[in-house]
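Here is the structure we will look at, set down as structure tokens.
Throughout, read-outs are computed from the coordinates displayed, never taken from laboratory work. The shown structure was predicted, so the numbers you read here are calculated from the model rather than taken from an experiment. A quick note on method: Cβ atoms are made from the backbone with ideal geometry, for glycine too, and the neighbour counts reach across all protein chains shown.
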Amino acid sequence: MTRPSYLGLLESGDLTRRADEARAVLSACTLCPRRCGVDRLAGESGWCQSGRLPRVASSGPHFGEEPELVGRGGSGTIFFSNCTMRCEFCQNYSISQCGEGEEIACADLALIMLGLQEAGCHNINLVSPTHYVPQILRALVTAAAWGLTIPLVYNTGGYDRAETIALLDGIVDIYMPDAKYGDDATALALSHAPEYTRYMKESIREMHRQVGDLAVEDGVAVRGLIVRHLVLPCGLAGSREVFGFIADEISRDTYVNVMDQYYPAWHAAGRTAELPSCLHRRLSPAEYAGALEEAAAAGLHRGFTPPPGRRAGL
């Protein structure tokens, strides 16, 4: 199995230096695009409602992720509380919006990582990690010194700053961002994320620059980029624009998980009048088939099954 990149940085001392550099950002936090500027080291919190310590909702082997992450032993997921966005239809709203979870020391986060490795997981899957990058790096220094040797998966909603992603160069081997929307107006209305497409595109470009297309050994991902796109009813996600960006500006060999599991949750489940009415129903088979057609037409071919008779790029 390919050796995770962070081990080399640990041996050179650069991993500790990178963790210290990231921690300094917390004194006037600019980790995410909101750049609140609050002093989280002093206990202040901004949009994400997160402070000095990481807040973890749950952890454990996960067998519902992409097959290349799951393998035989599962993906070692760590669900972090809170989020840089507030999606009106979030299926994990109790964690992302309501802050369910417990603040823990970075050393305890390191122990969680090691426990997932001991359980046979193929990777450490950091879910919603953006607002805890400094704490994750501090935990990683400890975990790697104590024997962590499996890759990190950076599992993010896509509302990231390329500058924060740059701090992770040579540390994260597998990036898994969402590419949620094809236009900013929808992203603002449904996820309260200003300029989402700009930040999503900039961060995915940086991720791909660091790790390239997905590489798999013995059926398990070891390095590279996986992009997730949740298809929304009525074409609200702007799937055609998203797939065009990935194919034209990232790589036609990008692994893209075109997801069909939308269902009304959180505010969308309550038939809120301010939301588009089609968000109050599930995705139809025809809508999902249309998104697959658009992905294949853009020239993408990895991570999903193109519609019958459709060859990628034709």
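Which of the residues spanning the stretch 51-75 are in contact with a Pro (Cβ under 8 Å, 6 or more places away or on another chain) and not in a loop (DSSP other than H, G, I, E, B)?
Taking the stretch 51-75 and keeping what is in contact with a Pro (Cβ under 8 Å, 6 or more places away or on another chain), we get 73-75.
The answer is Ser75, and nothing else.
Considering each residue of the stretch 188-203, count those that are surrounded by 15 or more Cβ atoms within 10 Å (Cβ to Cβ) and over 16 Å from the mean Cα position of the chain (by Cα), and give that number.
Applying the first criterion (surrounded by 15 or more Cβ atoms within 10 Å (Cβ to Cβ)) to the stretch 188-203 yields 189-193, 196-197, 199-203.
If we keep only those that are over 16 Å from the mean Cα position of the chain (by Cα) as well, we get 189-190, 192.
Of the residues in that region, 3 qualify.
Given the stretch 163-271, what strands (runs of 3 or more DSSP E) lie entirely inside it while holding 3 or more residues that are aromatic (Phe, Trp, Tyr) and more than 30 Å from Ala144 (Cβ to Cβ)?
Numbers: elements: 174-177, 215-217, 220-230, 255-259.
Strands (runs of 3 or more DSSP E) meeting the threshold: none at all.
Based on this model, can you work out whether Glu103 counts as surrounded by fewer than 17 Cβ atoms within 10 Å (Cβ to Cβ) and in contact (Cβ under 8 Å) with a residue 40 or more places away in the chain? Full working, then the answer.
On the way: surrounded by fewer than 17 Cβ atoms within 10 Å (Cβ to Cβ): yes; in contact (Cβ under 8 Å) with a residue 40 or more places away in the chain: yes.
For Glu103, the condition - surrounded by fewer than 17 Cβ atoms within 10 Å (Cβ to Cβ) and in contact (Cβ under 8 Å) with a residue 40 or more places away in the chain - is met.
Check Ile95, Ile78, Ile136 and return the single one that is assigned to a strand (DSSP E or B) and either aliphatic (A, V, I, L, M) or over 23 Å from Thr164 (Cα atoms) (or both).
Numbers: Ile95 fails: assigned to a strand (DSSP E or B); Ile136 fails: assigned to a strand (DSSP E or B).
Result: Ile78 is the single residue among Ile95, Ile78, Ile136 that is assigned to a strand (DSSP E or B) and either aliphatic (A, V, I, L, M) or over 23 Å from Thr164 (Cα atoms) (or both).
Can you go through Ser12, Ser45 and tell me which one is surrounded by fewer than 17 Cβ atoms within 10 Å (Cβ to Cβ) and within 19 Å of Ile95 (Cβ to Cβ)? It would help to see each step written out before you state the result.
Details: Ser12 fails: within 19 Å of Ile95 (Cβ to Cβ).
Just one listed residue meets the conditions, Ser45.
Taking the stretch 135-176, which residues are aromatic (Phe, Trp, Tyr) and within 13 Å of the chain's Cα centre (by Cα)?
Applying the first criterion (aromatic (Phe, Trp, Tyr)) to the stretch 135-176 yields 146, 154, 159, 175.
Within the stretch 135-176, Tyr154, Tyr159, Tyr175 qualify.
Here is a list: Ala166, Ala143. Which entry is crowded, with 24+ Cβ neighbours inside 10 Å, more than 20 Å from Val231 (Cα to Cα) and touching a helix residue (DSSP H, G or I) at 6+ places or on another chain (Cβ under 8 Å)? If you could, list the steps in order and put the result at the bottom.
On the way: Ala166 fails: crowded, with 24+ Cβ neighbours inside 10 Å.
On inspection, the qualifying residue turns out to be Ala143.
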